[in-house]
Amino acid sequence: MAAAASSPLSPESAAYRNALETVAAVEPRIADAIRSELADQRESLKLIASENYASPATLLAMGNWLSDKYAEGVIGRRFYAGCRNVDTVESIAAEHAKELFGAEHAYVQPHSGIDANLVAFWAVLAQRVEGPALEKAQVRHLNNLSEADWFTLRRELGNQRMLGMSLDAGGHLTHGFRPNISGKMFDQRSYGTDRETGLLDYDAVREAAREFRPLILVAGYSAYPRKVNFRIMREIADEVGATLMVDMAHFAGLVAGKVFTGDFDPVPHAQIVTTTTHKSLRGPRGGMVLCQQDLAEYVDKGCPMVLGGPLSHAMAAKAVAFAEARQPDFQAYAQRIVDNAKALAEGLMRRGAKVVTDGTDNHLVLIDVSSYGVTGRHAESALLDSGIVTNRNSVPRDPNGAWYTSGIRIGAPALTTRGLGTAEMDEVARLIHTVLAETKPAPGPDGKPSKARYALEDKVASDVARQASELLANFPLYPTVDLG
Ligand code: DSN
């Protein structure tokens, strides 16, 4: 209509239209892919528990010339000249992070959650092993050690013990999974969950810790749908002389939003806490380490000891996202995430789905799809055909391993950002159940049932995709962004 055509463009629309025009002049396929990604995200029901939608302000803070600057080192102590603006950016991001989480120290340089965990491992090894070794040898620098002393220290550094949650119970690859670098740097042992309830068994963790005596006790998860009592985990760590490290990547937004408080807030209990910034926290892709003051000097050496040069543009975006998370409405948002996840779990269980631990008290729900007679791989693909984006995930003691799996992990942060509430979550649960109930394993090339091939009638998939799209039409994504 004429009125709409003449209405002024929003600042975000103008910014993105101009930016994409500039990109398209050099490599139009990249501009097209960026446009297409927005269209895909607008049209699909995004239920990946580790994804979200960052604000336009956060996204725009990333696309600029801060990316052009090298700034190895930390604020005020860089290996390059000319870092005054990066110092400003990093200081603001770290200050916001400290205020938001009540942390003694914040290190905002890690590029991802895995990087943040590597910084934490490095810092604990440096503090707990390297420091005393240098003291014993009476030298100030590793380079001053004799070759024999250095080799002794290397053996100690390379053979420390880590106790973390097993991958199939919901832990992360970096919590000591053998094929991962953490499982190679450390002698590792895992704790799981109770066979009957699926819940973390603190007595079993304590027993394992007493027997194994880890240097690092890792708490935190990627696929465990319940709260963890970090006060108890710290007691266990203290009893065996371990450092408690919490990886809160998945639930950082629930900590920032004060849904997880007291015993369930890791920051007052753990010596070191790592996170990503793009999951429930709703920031840019990236990582961060929070720690107590005595670890700060080691954590701050993360770059260049473990990390490449900091991504200054990403630190700028972290600062913007943390400023947003400090607003009172972020707390309401965090509570809505949990309400929505509970509504999803209840909607699924009411329709007969098997949900690990019979519910959730965080942002995610783990569906055991074996009761539908399919693997996680079948379910993930069938749901994608129906416009529902999820990821397959192991369930505890999964007979199908980590590739095919028996589970689907879903999470509420992204749809909550979009504005969907508990009534819509029940509808989402209905759509998921409809697809899973109609999906069947199909034979592979050898005629035997395949763990990957499946059959789902096109009409079921297209009906569900249409209903998902109708549901989403009421909750526009990035409503201020019109690419024309
Ligand atoms: N990839 C993240 C997740 O999906 O949980 C963890 O690394």
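Annotations
- Using a Förster distance of 22 Å, the FRET efficiency for Lys184-Asn229 (Cβ separation, nearest 0.05): 0.15
- The residue among Val259, Ile236, Val218 whose Cα reaches farthest toward the positive pole of the charge dipole of the range 193-264, with charges on the beta-carbon of Lys, Arg, Asp and Glu, is Val259.
- Packing-based ranking, highest mean first, of 283-296, 27-40 given that Cβ atoms within 10 Å are counted: 283-296, 27-40
- Neighbourhood charge, 14 Å Cβ-Cβ cut-off, centred on Ser182 and excluding it, Lys, Arg +1 and Asp, Glu -1: +1
- For Tyr191, nonlocal amide neighbours, meaning residues 5 or more places apart or on other chains whose placed amide H falls under 5 Å from its own, are Gly164, Met165, Ser166.
- Summarising the label geometry, the points placed 7 Å from Cα in the beta-carbon direction at Glu135 and Glu147 lie 3.0 nm from one another.
- Taking 0.36 nm per residue of separation and subtracting the current Cα-Cα distance, fully stretching the chain between Asn18 and Asn474 would add 161.4 nm.
- With both labels modelled 7 Å from their Cα along Cα-to-Cβ, the Thr88 to Lys258 distance reads 3.1 nm.
- Summed side-chain charge close to Asp398 - residues other than Asp398 whose Cβ falls under 11 Å, Lys, Arg +1, Asp, Glu -1: 0
- Of the residues Pro8, Ala343, Phe186, the one whose Cα sits farthest towards the positive end of the charge dipole of the chain is Phe186 (charges of +1 on Lys and Arg Cβ, -1 on Asp and Glu Cβ, taken about the Cα centre).
- At a probe radius of 1.4 angstrom, the accessible area of the chain per residue rounds to 44 square angstrom.
- Taking every lysine pair in the range 339-484 that is 8 or more places apart or spans two chains, those with Cα atoms closer than 23 Å amount to 7.
- Taking the charge dipole of the range 383-484 about its Cα centre, with +1 at Lys and Arg Cβ atoms and -1 at Asp and Glu Cβ atoms, the residue from Thr416, Leu471, Asn400 reaching farthest to the positive side is Asn400.
- Annotation: amide H-H contacts under 5 Å for Ala452 (H modelled 1.01 Å from N, sequence separation of 5 or more, or interchain): none.
- Mean-position separation - Cα centroids, the range 124-143 and the range 360-378, in angstrom: 47 Å
- You can think of it this way: the chain between Asp68 and Asp203 has 43.5 nm of extra reach, that is 0.36 nm per residue less the Cα-Cα gap.
- Near Gly407, the amide H atoms lying under 5 Å from its own belong to Val369, Gly376, Asn393, Val395; only residues 5 or more places off or on other chains count, and H is placed 1.01 Å from N.
- Computed about the Cα centre, the dipole magnitude for the chain is approximately 520 debye when only Lys and Arg (+1) and Asp and Glu (-1) carry charge, each at its Cβ.
The values are calculated or read from the model by the stated rules, or taken from the named source; none is laboratory data. This one's a predicted model, so the numbers in the text were calculated from it and none came from an experiment. Methodologically, a virtual Cβ is constructed for each residue, glycine included, from the backbone with ideal geometry; neighbour enumeration extends over all protein chains shown. For accessibility, only protein heavy atoms count, side chains too; no ligands or nucleic acids. Shrake-Rupley method; radii C 1.70, N 1.55, O 1.52, S 1.80 Å.
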